[in-house]
Amino acid sequence: MARVVGQAQDVAQGPEPGQDAPLHVSSKMLIDDPILGQVPGIRLASLLAHATRRHLSAGETLYSAGEPAAAVYLLQSGTLRLEDGAPEKGRTAERASGPIGAEALLGATRYSDTARAVQDADLIALPARVLADLTAEHTPVREAFFNAYAARFETDCIAEPHRDALSEPTAKGAARDTFGWLLAIAAPIAVYLLVPSLNLGPEGTDFLAILAVSVCMWLFTPLPEYVPPLFAALAVILLEVATPEEALSGFRSESFFMCLSVFGLGAVMMSSGLTYRLALWLLVKAPPTQLGYNASLFGLGALLSPIIPSVVGRVSIVAPVLIELIGISEAGDRDRYANRLIYSLLAGAALLVPIFLTASVPNLIVYGLLDPQTKFAFDWGSWFWAASVYGVLMLVAFMLVSAVIFRGARRFSVPKHILREQQRMLGPIKSAEWVVALAVLAMAAGILTETLHRVDFPWVALAVFVTLMLLGSLGRDSLRGQIDWPVLVYIGAIVGWVSIAYSVGLDSFVIANLSWLGDYMQDDLPLFLILVAAVILTVRLALPTGVTVVLMATALFPLADDQGMSMWVVGFIILAMSDTFIFPYQSSYFLKLRNDMAACGLEQVCDARRMVAANLLLIALRIGALYACLFFWSWLDLI
């Protein structure tokens, strides 16, 4: 059997008695390999130090069936004959290229075949342990080795990874990237040419230019969503638009710690097994139909809305149920059935946000900006009653969009007897699950009784999270691997835009340039509604929901007070239109769900184009629902 040792070690110690000195392995050999050539150069460089050459004479055996599997070989020249280790199968094949002994990489402890040289052959030996570490980071490469092993007795051995899986840039993708970067360069130039006439000021102009670059990065370049806001924070600091404390204030904000706490709670629920038990319970109780599964996911998110004041948090808690259902259904790429489930979860967690006062932080911000008289009139119950018609109409809109955009989805149901057997295998609820369940109830109780203990809900959530860590419920590996840190970085970087917008005078700029909307509040309310919706949708292309809500409420509430218009109606319109998204970068909770699915190998399931179509249709129906509410609000003497 070939010796699998480091090349440097071979040179230092010299060849063993009776064996030739190992031949040199050049970098070109690994780069030209159809499988390993897809791995980044830095990883190949580390692999090269462990690679050795092996020469076989005709008739010599490389390894025999049953020998310890310690290395994978890449055949460079010559021909090897593979003989199945199970004599009754009698399978043989001759290989002139590709990997040999790939079972060593796939977890087998012994070789399953015998490999013998038909003619003189040269091979590269790679230690299975080192190669396993490399392929763990590159799933398509590992799959290519598996395909080669599975097809080793077939005429054509599959050895090359699928190009789509390796995400090689196509000509179309490269052109899009080039256009995106050119636009990112042109956008700030356009801002500097146009904005000075608006008297925004140098810092405000710089900030708008930075926002323009960030939006171009989000829309047209394949960067992770958290990169543009980090770039914006750096640019703000370097250009002295704001102090580092203001630029990075999001990382010490209540929103950041609330999301961290809810993400941590979701991680504990998953590691304890509570989410899997919940998923099975929900699937057993739900009608085994497409409508039943979608209604269950929607309902679970909606029920959490008045309790968990974070859409990202609700998605984080419910996502394991969705992932389990998609996994059981064996959904393929852009599967319409799976995407309807995804849409149901997102809609359940976010669609009814405006109707519950405690459903999100922006809701509470709007409530805090109301005048004392309006604030006294709209407690939790009064808010819900005034928003109830909108809630009913949005339920209808959800069902309509789901039926139209995802029509033709395949039918699938999980047999009830299998689910019940899975429940029996789980056994009774374990102590770790009870601890997590009590933590969830404690957090919900703490949030609902905020008026009694006067502790803001982000710190209630953080207290629960820290308590779980003190009890040892969340270990180092879970904290590192199950909390979505990229989304947290995105949230922390983007929340700081609120303080920057105020410090550069962007709020005054917005107020001054939206004063014309006040003329339509009393004279033409329907036109006012559509104009506000258009302005908010435009602003949301660059700014997150929280920033948009703050700026719009700050601008329009004084106008509403001056025109005798109910601040609550204006605030509700702002909330209803701000809590929308078209593109993925606009939604932190969609990014969170997509990352959770990618961690489970389901990144190809989500159909982004169909989601965009669903969002556009829902925005149109959302505006229609607001128009219908005008009659109800008139009946309530709010307008």
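All of the numbers you see were taken from the coordinates with simple rules; none came from a lab. Bear in mind the structure is a predicted one, so any value in this text is a computation, not a measurement. Here the Cβ positions follow ideal geometry from the backbone for every residue, glycine too, while neighbour counts run over all protein chains shown.
Quick notes
- Given R0 = 45 Å, the distance between the Cβ atoms of R476 and E421 translates into a calculated FRET efficiency of 0.85.
- Under-5 Å amide H pairs with A93, H placed in peptide plane, nonlocal only: L82
- For peptides 345-357, 404-416, 483-495, sequence by mean Cβ density within 10 Å, most packed first: 345-357, 483-495, 404-416
- Compactness relative to 2.2 N^0.38 Å, alpha carbon Rg of the stretch 248-344: 1.18
- The relative contact order of the chain comes to 14 percent, based on Cα pairs under 8 Å that sit 6 or more residues apart.
- If you take all other residues with their beta carbon under 11 Å from the beta carbon of I491, and give Lys and Arg +1 and Asp and Glu -1, the sum is -1.
- FRET efficiency estimate (nearest 0.05) - Cβ-Cβ, I365 to S388, R0 25 angstrom: 0.70
- Under Karplus coefficients 6.51, -1.76 and 1.60, residue-wise ³J(HN,Hα) of the stretch 304-319 in Hz, glycine/proline x: 7, 4, x, 9, 9, x, 8, 5, 4, x, 5, 4, 4, 6, 8, 3
- Leading residue at positive end of dipole, the chain (Cβ point charges), from P354, W459, F528: P354
- Extended-chain gain in nm, criterion 0.36 nm per residue less alpha-carbon gap, D379 and A542: 55.5 nm
- Built amide H within the under 5 Å cut-off of D113, gap 5+: G66, G85
- Residues S64, S27, S310 arranged by fewest to most Cβ contacts within 10 Å: S27, S64, S310
- Shown here: Cα extents along the principal axes in Å, derived from the displayed model; of the candidates (i) 93, 61, 50; (ii) 78, 65, 44; (iii) 98, 63, 49, it corresponds to (iii).
- Rg followed by Dmax, in Å, when the stretch 171-247 is reduced to its Cα trace: 13.4, 43
- Cross-link reach list, aspartates and glutamates versus K28, counting only Cα pairs under 16 Å and skipping chain neighbours closer than eight places: D122
- Net charge of neighbours whose Cβ lies under 13 Å from the Cβ of V436, counting Lys and Arg as +1 and Asp and Glu as -1: +1
- Comparing A187, L219, A174 along the charge dipole axis of the stretch 171-247, the residue lying farthest to the positive side is A174, per the Cβ-charge model.
- Protection proxy ranking of 239-247, 314-322, 536-544, 564-572, by the mean of other Cβ atoms within 10 Å over each peptide's residues and highest first, is 314-322, 564-572, 536-544, 239-247.
- Under the Karplus curve 6.51 cos²θ - 1.76 cosθ + 1.60, θ = phi - 60°, whole-Hz ³J(HN,Hα) for the stretch 546-561, x wherever Gly or Pro sits: x, 5, 4, 4, 4, 5, 5, 5, 4, 7, 9, 5, x, 5, 5, 5
- Proximal charge balance of M269 [Cβ under 11 Å; K/R count +1, D/E count -1]: 0
- For E254 and I31, a Förster radius of 51 Å and the Cβ-Cβ distance give a FRET efficiency of 0.50, rounded to the nearest 0.05.
- Cα convex hull of the stretch 70-131 - mean projected area over all directions, nm²: 4.1
- Inter-probe distance in nm under a simple model that places probes 7 Å from Cα toward Cβ, at K430 and W635: 5.3
- Using just its DSSP H runs of length 4 or more, each adding -39500 (n - 2.57), the chain gives a mean residue ellipticity at 222 nm of -19500 deg cm²/dmol after division by all residues.
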